[in-house]
Every structure is written in structure tokens, then in C-alpha cells.
Ligand SMILES: NC(=O)c1ccc[n+]([C@@H]2O[C@H](COP(=O)([O-])OP(=O)(O)OC[C@H]3O[C@@H](n4cnc5c(N)ncnc54)[C@H](O)[C@@H]3O)[C@@H](O)[C@H]2O)c1
């Protein structure tokens, strides 16, 4: 049995904690026959959490700077859970050192940088994957199976969205996600990239688009220690900071295969705590997914008898081996953290088999091309073509 030695970068953050849990946990569900993982190093900029980590991950080295793990011969996989603006620099250094890389989304600040990383990953022959974990939910395997079997015919239309309301309140505290220096593409790279990952996975590549980005609140209070969008009772702002990247976006797009898309996403949809949906319309049927029913797919087929046609609700269940790894019955529900456990298991398997697995850095590059096109289109107020490799 081969063990992959993992370094988690940004270990005190949301994704850092989830990825740490995922690499520690996946063998309980997927077994060890396809390899296992050991978290050999953690990088955190939080001195207090560094102490906690020594207890949570016994035996792992804990560092305060990411450079400490890059040339470490005892690390096979560098897992980047740092803010967006660090992805490119850190992923590049890790690839140059010959490490396998799992990088949170968006892969880079621009398509140019992402393309460079994708080329480097290919050149080095390492496994390089982007952390778009949502499509790892086995319900989307079902969607892909139905599409690939031709059961909805040729895809004509995609509608998708992802909304949260963390910045719905104009007084919600400022954080790095609203800072154009730290997250240059704002909601487009942050949330749009997830919708774009579903588009690439289920429909195909986008060849042109027109988008409008918007900022709803120009300045937000800076409150040290506040959590994502939340302000503790009685906390007063020290100062205000300017929001310098988009809060929301509306997009119309065309796919390489002739399908048309309409997409929207934001962080200001008051009341939408987490909304993620897609609808895919083909010549023979259609599919619909909503995150509110996280393991359920709606499928409409023209092959059904006239007078009996309608959406059927399919709950993904143990017929799917990934679902079965966790639960013996449908509708007990796999949630977000399980998608990250699946992602970790797939990453280790992919390294051991030396088989790249979607979303590779090439997909991350295409997704960054869509992000860039949204930024450019919104600035130029016109349709933008995407140069597909
Ligand atoms: N795939 C998903 O569903 C998903 C969900 C949330 C976030 N993300 C992505 O994950 C990444 C991290 O987001 P998050 O929500 O976990 O952020 P976070 O703010 O919770 O965590 C970021 C962590 O990085 C640390 N950090 C910052 N600069 C550092 C540096 N120079 N050196 C070492 N550590 C440093 C911070 O201390 C913090 O612990 C982002 O790129 C984000 O877009 C992905």
C-alpha cells in the first residue's frame, strides 16, 4: 500500500480544515487498497492554531510559511487552501519542485497564469487538480451518465446559478474576498468558477459570452476577527474599506457545441444562504438540480408515454459506488464535506494510478478563461470570444 504525504497550506482556514479532515478520513470509506494519505506538514499563519494543529494532526510538521514545504523531499502532494492571490505563485513553485498539486479554486488570478500552470503540470508529468469539489457529489455522475447515454438528446440550453447572501447586508464586514488585490476577480472567480465547472463537466466548453459585473456596496466596515459575512453583537468598525471586485454577475454564453447558456451568481442575494442550481435542456429531455435537494436529480424524458410525461425525481443511491462507500440507502444524503472526502480519495487514487482526473489544471485554465472573459466583457460592455486551445 502506498502512502501519499500531504502538506496542507492555509490549514487554519475553512478549506484548510476541511481538506485536513478529508485526507485524514477518506480511507474509512474508500479503504486503503488504492493508497492512503498522511498529513506530513501543515502551514498556518495563525500562531495560536499552530499549537492546536499539533494535537489535531500528531506527528505533522507545522510551519508558518508555505515555502517551508515546497522543497521538502518528504512531501508528495501540496494542497493549496490559501487565498486566491497566492494560488499561482505557490502552485508554480510546487510544480517546479515536482510535487503533485491540489489547488483550491480559482486556479489563478488570470487565464494567462492558469495556462502557464497547466502547461507546467503537463511538462512535469504530475497530477494537478483544482478543488471544484461540488461536482464530486455522485448525483452529478448520474447527470453525466444520462447525458452521455444520449437520454436528453443534444443539449440546447443551460441555466445555472450560485448565490449566497454573506454580503447582502451593506454592513457585513469587509474581508479578503472583497479585496481586488487579494481576490482580483471577486465573485466571478470565487463563485462563478463553480458554475463554470458544472458547465464544463456537463455541457462542454464555452466559446463566447457577454457579462455584466456589479458592486452593490462600495465600502464595508473593517472588523478584526469577524467571520465570513458575520458581525458579532456590539462589534464596532475600526474603519471602512473599499470593495474593489464584483459582488455579482449576469452572463449570457454560447458553448462550442452550439448550446446557449444563461448564468448568474452573487454574494448579495439576501435570504439565499446557499443557492446552487442548474437546468439542462436537450432535444429529447432535460435535467434539473437544486442544492436544496442535494442528492436528487430531476429528469424529464420525451420517451415517456404521452399523457404520463413529467419530471421524475431520482435520488442517487448505493447503485453509485461513490455513494455506496458512505451510505447503504438513498436519501440519507451526502453533504458538502463528503464531496471533499471524495475529492481527497480521488486525488490519492489519481496519483497512485498516475491517471489525471477532472478537473485537471487544463480545466482550471478553461474556467479561468471564462472568468477573464466575464471581467473583459463587463469592462468593454460587449460579447467576448474565448480562444479555445
Ligand atoms: N471549493 C470550494 O467549495 C471552496 C469553498 C470555500 C473556499 N474555497 C477557496 O479556498 C481558498 C481558501 O478559502 P477559505 O474560505 O478557506 O479562506 P479562509 O480565509 O478561511 O482561509 C485562508 C487561510 O489562509 C491563511 N493564510 C493567508 N495568507 C497566508 C500566507 N501567506 N501563508 C500561510 N497562510 C496564509 C489564513 O490564515 C487562513 O487560515 C480560496 O481560494 C477560496 O476561493 C473553495
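Assorted remarks:
- Residues 203, 164, sorted so that the one with the fewest Cβ neighbours within 10 Å comes first: 164, 203
- Prolate/oblate/rounded call for the range 19-148, Cα gyration tensor, a/c under 1.5 rounded: oblate
- Centre separation in Å (Cα based) which lies between the range 329-389 and the range 232-271: 18 Å
- Sequence of 365, 250, 140 once ranked by neighbouring C-beta atoms within 10 Å, starting from the fewest: 250, 140, 365
- As a length-normalised measure over Cα pairs under 8 Å and 6 or more apart, the relative contact order of the range 34-93 settles at 30 percent.
- Within the chain, helix-based [θ] at 222 nm, where runs of 4 or more DSSP H residues each add -39,500 (n - 2.57), nearest 500: -9500 deg cm²/dmol
- Here the extension length gained between residue 55 and residue 154 equals 30.3 nm, from 0.36 nm per residue of separation less the Cα-Cα distance.
- Overall form of the range 280-389: oblate. Here a/c, set by the Cα gyration tensor axes a ≥ b ≥ c, is 1.5 or more, and a/b is not larger than b/c.
- Calculated over the chain, the projected area of the Cα convex hull averaged across directions stands at 20.1 nm².
- Its relative contact order, with pairs defined as Cα atoms under 8 Å and 6+ residues apart, puts the chain at 21 percent.
- Fraction of beta bridges assigned by DSSP in the chain that are antiparallel (%, nearest 5): 60 percent
- Using C-alpha pairs under 8 Å with a sequence gap of at least 6, the mean separation divided by the residue count of the range 32-141 gives a relative contact order of 19 percent.
- Antiparallel content of DSSP bridges confined to the range 138-332, in %, to 5: 85 percent
- Radius, Kirkwood style, for the range 138-332 when every pair of distinct Cα atoms is counted (Å): 18.6 Å
- The range 237-279 residues near the modelled residue 169 label - backbone nitrogen below 13 Å, point 7 Å along Cα→Cβ: 237, 270-271
- With N counted as the residues of the range 199-300, its alpha-carbon radius of gyration over 2.2 N^0.38 Å works out to 1.45.
- Ranking of 167, 158 by count of other Cβ atoms within 10 Å, fewest first: 158, 167
Each value in this text was obtained by applying a stated rule to the coordinates, not by laboratory testing. Fair warning: this is a prediction, and the values are worked out from it, not measured in the lab. When we count neighbours, we look across all protein chains shown, and the Cβ atoms used for this are built from the backbone with ideal geometry, even at glycine.
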